[in-house]
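Chemist: Mind having a look at this structure? Questions to follow.
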């Protein structure tokens, strides 16, 4: 392919001619978007080159599709359309290898969450409230993406929406895989990503390229509020037949740790650790159903540790005679007097925004190293006093 003369991408007439030359139909909407794009750039150098956002405007393809077409990796375009994209990108001076690290502005942050099957409505509410509070000083805001639906989640990672206007991305409890993050990196190679309550890499491994931090709860150290709550109930209340009820732990690290710590504390006291890891979700209705089945499923138990406050409340409504504890310390736990675990979600939001800012600054110095930031977890004892 003959290399064309590179067009200064700030010149709309030349940009439009180049787009039309390669078969893309651009009109007044694209011109207006081009003006916005040019005005968002710093003081011009001798030549302004295109980025994924300008190519998205001109081609109307998603950034991930454009990036993959240019790199020659998997994409939905025909060979002819992929060639048109590559030629236009070359004409406008775009290079997929060029990183353009952000300068922290503290304006808008994208947040991806899975709402269904996760701890509870208040879990997400507390995190979003803390993120908004942290951004308030910079007039910033959160753009929320609900990734509960499998098809929407696949589209988000494999053909991402326009994230170029965001400071960074925070993924809350999504357990994003390496392939998903790699696809995101191809579309937005300079996008800093913070994980929250997500899986950590195995020993000797590193976080994927985009990750700047993982905000993770302290569930297992001797000072963990979760461990303290279990010990308090088993020792102070002399319980001998405990049961833990959680959703299937599969490969979610926080659930795996919950189960392991419960088993450790039971074995430490020579008790049999029984675990019911078949909850459909963390809702009051699920707790209600569990409460009605407890005797038939497990026989005699004298304390039930629940993976969320919502389940604990549902069980409590059916079995007020049974000592029940929750997790997350939401308003329901306080209203019903249920002991719970406070994960410090307000602190999690603050740490996530701080980690994004720190990651951007390190990236600009080419010193970026992904870290795990551990958040303190406290026990909230309401079943008795003196703890």
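Here, each number is a calculation from the coordinates, and none is a lab measurement. Quantities reported herein were computed from a predicted structural model and do not represent experimental measurements. Cβ coordinates were reconstructed from backbone atoms using ideal geometry, including for glycine residues, and neighbour counts include every protein chain displayed.
Chemist: What distance in nm separates the simple spin-label points at residue 144 and residue 25, each placed 7 Å from Cα in the Cβ direction?
Modeler: Inter-label distance under the simple model: 3.7 nm.
Chemist: Hey, what does the equivalent ellipsoid look like for the chain, semi-axes from the Cα gyration tensor as sqrt of 5 times each eigenvalue, largest first, whole Å?
Modeler: After scaling each eigenvalue by five and taking roots: 50, 20, 17 Å.
Chemist: May I ask you to derive the FRET efficiency for residue 107 and residue 354 from their Cβ-Cβ distance with R0 = 22 Å, giving the value to the nearest 0.05?
Modeler: It comes to 0.90.
Chemist: Over region 107-166, what number does the Rg to Rh ratio reach, with both radii from the alpha-carbon atoms and Rh per Kirkwood?
Modeler: 1.01
Chemist: Just how far, in whole angstrom, is region 271-290 from region 8-31 if you go by their alpha carbon centroids?
Modeler: With region 8-31 and region 271-290 each reduced to a Cα centre, they are spaced 58 Å.
Chemist: Say we join alpha carbon atoms closer than 10 Å with springs in a Gaussian network model of the chain; which of 195, 279, 131 then has the biggest fluctuation?
Modeler: 279
Chemist: Could you check what % of the DSSP bridge pairs in the chain are antiparallel, to the nearest 5?
Modeler: 10
Chemist: Compute the Kirkwood hydrodynamic radius of region 210-363, taking the inverse of the mean of 1/r over all pairs of distinct Cα atoms, and give it in Å to one decimal.
Modeler: Here the Kirkwood hydrodynamic radius works out to 16.4 Å.
Chemist: Next up: Subtract the Cα-Cα distance of residue 298 and residue 155 from 0.36 nm times their separation in residues, and report this length gain in nm to one decimal. All intermediate terms of the calculation are to be shown ahead of the outcome.
Modeler: Numbers: separation 143, 0.36 × 143 = 51.48 nm, distance 4.19 nm.
Once the chain is fully extended between residue 298 and residue 155, it gains 47.3 nm.
Chemist: Helix-derived [θ] at 222 nm for the chain: sum -39500 (n - 2.57) over DSSP H runs of at least 4, divide by residue count, nearest 500? List each step's numbers first, then the result.
Modeler: Details: 14 runs with 159 residues, N = 387.
Result for the chain: -12500 deg cm²/dmol, rounded to the nearest 500.
Chemist: Now for a separate question. Give me the extension gain from residue 274 to residue 200: residue separation times 0.36 nm, minus the current Cα-Cα distance, reported in nm with one decimal.
Modeler: Here the segment from residue 274 to residue 200 would lengthen by 24.0 nm.
Chemist: Looking at the chain as a GNM with Cα springs under 10 Å, which of 293, 343, 175 has the largest mean-square fluctuation?
Modeler: Sorting by GNM fluctuation, first place goes to 293.
Chemist: May I pose another question? Report the semi-axes of the equivalent ellipsoid for region 12-91 in whole Å, largest first, where each axis is √(5λ) for an eigenvalue λ of the Cα gyration tensor.
Modeler: Semi-axes, largest first: 21, 14, 11 Å.
Chemist: Just rank 12, 37, fewest to most, by other beta-carbon atoms within 10 angstrom. If you can, show how the numbers build up before the last one.
Modeler: Details: 12 14, 37 20.
Ascending Cβ contact count within 10 Å gives the list 12, 37.
Chemist: Here's a follow-up. Once the Cβ-Cβ distance between residue 362 and residue 223 is put in as r, and R0 is 25 Å, what FRET efficiency do you end up with, to the nearest 0.05?
Modeler: 0.30
Chemist: Separate question: Using the number of other C-beta atoms within 10 angstrom as an exposure proxy, rank 285, 325, 374 with the fewest first. If you can, show how the numbers build up before the last one.
Modeler: On the way: 285 12, 325 26, 374 15.
Ranking 285, 325, 374 by Cβ neighbours within 10 Å, fewest first, gives 285, 374, 325.
Chemist: Once you have the Cα-Cα distance between residue 165 and residue 331, take 0.36 nm times their residue separation minus that, and quote the gain in nm to one decimal.
Modeler: Here the answer is 56.3 nm.
Chemist: Sorting 73, 310, 286 on the 10 Å Cβ count, fewest up front, what's the list? Write down the numbers at each step before the final one.
Modeler: On the way: 73 12, 310 26, 286 20.
If I rank by nearby Cβ atoms, fewest first, I get 73, 286, 310.
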